[in-house]
Amino acid sequence: MDQPIPYLDLAAQMRPLRKEIDAVIAKALDNCTFCLGPDVVQFEKDFAAYCDAKHALGFNSGTSALHVAMLLLNLKPGDEVITTPYTFVATSWAISYCGATPVYVDIDETTFNLDPKLVEKAITPRTKAILPVHLYGQPCDLDPLLEICRKHNLALVEDAAQAHGAKYKGKKIGTFGEISCFSFYPTKNVGACGEGGALVTNNDAFATRAKSLREHGSTVRYYHDEVGYNYRMEGIQGAVLGVKLKYLEKWNRERRHVAMRYHELLADTPLRLPAEGPYAESIYHLYTVRHPSRDDLKKHLEAHKIGSALHYPLPLHLQKCYASLGYKPGDFPIAEQAARECLVLPIYPELTDEQIQRVASTIKQFFNQ
Ligand SMILES: Cc1ncc(COP(=O)(O)O)c(C=O)c1O
């Protein structure tokens, strides 16, 4: 009987790293550097260098980094931020936490990212920023968005939670907008042993204020300049991420290899395969295929012990938590169709060619091929 092919296999990543990770955790335990501390500082330096950015600040999640990014823009109730309805909900939380309003714009059919052609129509006098997501590891089309920002004096913040190392026109994402936010949730291309995030910017004033906001609005202990948060990265996570960052480029290449194998093996199936924009080099955080019979295909894969997942089954404008925004089904047809048709296949650096072939042949069997 065939072995299961899990949707995700974090244990396979951990096994070869275990000694290295044990050692840095032991050191952090010996030194009792639990909240921020030297390992976080070192990781911040390394991650800033990796992104070719002036500053990278460690946070306790991508969500908290995004929240602080929105606070740095001084968003207030009534302000609007244009963003995508087809993403993880945290993109919109950041706007809502400031009392501001997410204004959704539909996505591009091919890339699943915010469609720049539709953005300008959504701008009002209350618009303060554009918050696109580099979904599934593929950069969104940044140049037209930056052009719109310049024309209308808006800030661009990149939700880069899924796109560590992805390239737009040959340059790593992370410094195209004023601020970028990354997640180190364990499933990400580089993940903590727990929660983690980073805020990346070239703006010194933003970096100084972000440091204070993540630490109770304080730069001098027990003196608080503004209402702040406890959003510090844990010392142990900084140590773990320092180890894992060294492997990120290799892992991204290996994920890309898996994606290319899927491209080859699934080319003659009725599935719609992910496509990269001409400007994009995706890091294939997720490999997302589309088909109207997605639910049946998922069941078929499950019956053959192959994991798969829905990212995301319901766009944000139709979520209960955002009912008060007044959107209705049909408002963003491309996002809604993607939510009905998308299926994410197993993709991780450790996936073997045999496993990739079995996923592909099981899909072909579903289509009687
Ligand atoms: C697009 C996107 N934005 C934001 C987040 C939030 O990051 P975190 O889970 O680290 O809070 C995630 C994480 O899944 C994400 O995928």
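The values are calculated or read from the model by the stated rules, or taken from the named source; none is laboratory data. Worth saying up front: this structure is predicted, and the values here are computed from it rather than measured. Methodologically, a virtual Cβ is constructed for each residue, glycine included, from the backbone with ideal geometry; neighbour enumeration extends over all protein chains shown. Keep in mind that these areas ignore ligands, DNA and RNA; they rest on the heavy atoms of the full protein, side chains included. Shrake-Rupley method; radii C 1.70, N 1.55, O 1.52, S 1.80 Å.
Kindly indicate whether ASP46 is surrounded by fewer than 22 Cβ atoms within 10 Å (Cβ to Cβ), within 28 Å of LEU286 (Cβ to Cβ) and among the charged types (D, E, K, R).
In short, yes.
Between a residue in segment 283-302 that is in contact (Cβ under 8 Å) with a residue 12 or more places away in the chain and any residue that is crowded, with 20+ Cβ neighbours inside 10 Å and polar (S, T, N, Q), which pairs come within a Cβ distance under 7 Å, given they are 6 or more apart or on different chains?
From residues that are in contact (Cβ under 8 Å) with a residue 12 or more places away in the chain, the pairs are ILE283/ASN189; ILE283/ASN252; HIS285/GLN162; HIS285/ASN189; LYS298/SER308; LEU301/SER308.
Mind counting the residues in segment 332-358 that are closer than 26 Å to ASP108 by Cβ, touching a strand residue (DSSP E or B) at 6+ places or on another chain (Cβ under 9 Å) and open to solvent by less than 60 Å² (accessible area, probe 1.4 Å)?
11
With respect to the numbered conditions (1) under 30 Å from ARG290 (Cβ atoms); (2) out of contact with any strand residue (DSSP E or B) (no Cβ under 7 Å at 6 or more places or on another chain), which one is the sole condition not fulfilled by ARG15?
(1)
Yes or no, residue by residue, for (1) in contact with a strand residue (DSSP E or B) (Cβ under 7 Å, 6 or more places away or on another chain); (2) open to solvent by 40 Å² or more (accessible area, probe 1.4 Å); (3) within 26 Å of LEU118 (Cα to Cα):
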{"site": "ALA26", "(1), (2), (3)": "no, yes, no"}
{"site": "ASN31", "(1), (2), (3)": "no, yes, no"}
{"site": "ASP52", "(1), (2), (3)": "yes, yes, no"}
{"site": "PRO102", "(1), (2), (3)": "yes, no, yes"}
{"site": "VAL105", "(1), (2), (3)": "yes, no, yes"}
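So which strands (runs of 3 or more DSSP E) stay within segment 115-231 end to end and still have 3 or more residues that are within 16 Å of the ligand (Cβ to nearest atom), touching a residue at least 40 places away in the same chain (Cβ under 8 Å) and of a type outside the set (Gly, Ala, Ser)?
179-183
Show the residue pairs that are 6+ apart or on different chains and have beta-carbon atoms under 7 Å apart, the first residue being within segment 314-331 and open to solvent by 70 Å² or more (accessible area, probe 1.4 Å), the second being in a loop (DSSP other than H, G, I, E, B) and aliphatic (A, V, I, L, M).
Here the result reads none, with nothing in segment 314-331 linked to a residue that is in a loop (DSSP other than H, G, I, E, B) and aliphatic (A, V, I, L, M).
Could you list all residues from segment 247-277 that are assigned to a loop (DSSP other than H, G, I, E, B) and closer than 19 Å to THR187 by Cβ?
Going through segment 247-277, the residues assigned to a loop (DSSP other than H, G, I, E, B) turn out to be 247, 267-271, 273-277.
Correct list: TYR247, PRO274.
For segment 70-78, check the following and say yes or no: at least one residue is under 19 Å from the mean Cα position of the chain (by Cα) and under 30 Å from VAL105 (Cβ atoms).
Yes, that holds for at least one residue.
Return the residues of segment 6-41 that are in contact with a helix residue (DSSP H, G or I) (Cβ under 6 Å, 6 or more places away or on another chain) and among the polar types (S, T, N, Q); say none if nothing qualifies.
THR33
Which residues, counting only those in segment 107-121, are within 24 Å of PRO77 (Cα to Cα) and open to solvent by less than 20 Å² (accessible area, probe 1.4 Å)?
Result: LEU114, VAL119.
Looking only at segment 299-313, how many residues end up being surrounded by fewer than 19 Cβ atoms within 10 Å (Cβ to Cβ) and within 22 Å of THR111 (Cα to Cα)?
Taking segment 299-313 first, the residues surrounded by fewer than 19 Cβ atoms within 10 Å (Cβ to Cβ) are 299-300, 302-305, 307, 309-310, 313.
Within this subset, residues satisfying the condition of being within 22 Å of THR111 (Cα to Cα) are 309-310, 313.
Residues meeting the conditions: 3.
Identify, by number, the condition in (1) out of contact with any Gly (no Cβ under 7 Å at 6 or more places or on another chain); (2) more than 16 Å from VAL81 (Cβ to Cβ) that PHE184 doesn't meet.
(1)
Just need a number here: residues in segment 1-24 that are buried (at least 16 other Cβ atoms within 10 Å of the Cβ) and assigned to a helix (DSSP H, G or I).
Selection size over segment 1-24: 3.
Select, from ARG256, ARG272, the only residue that is over 30 Å from CYS193 (Cα atoms) and touching a residue at least 12 places away in the same chain (Cβ under 8 Å).
On the way: ARG256 fails: over 30 Å from CYS193 (Cα atoms).
One residue alone meets the criteria, ARG272.
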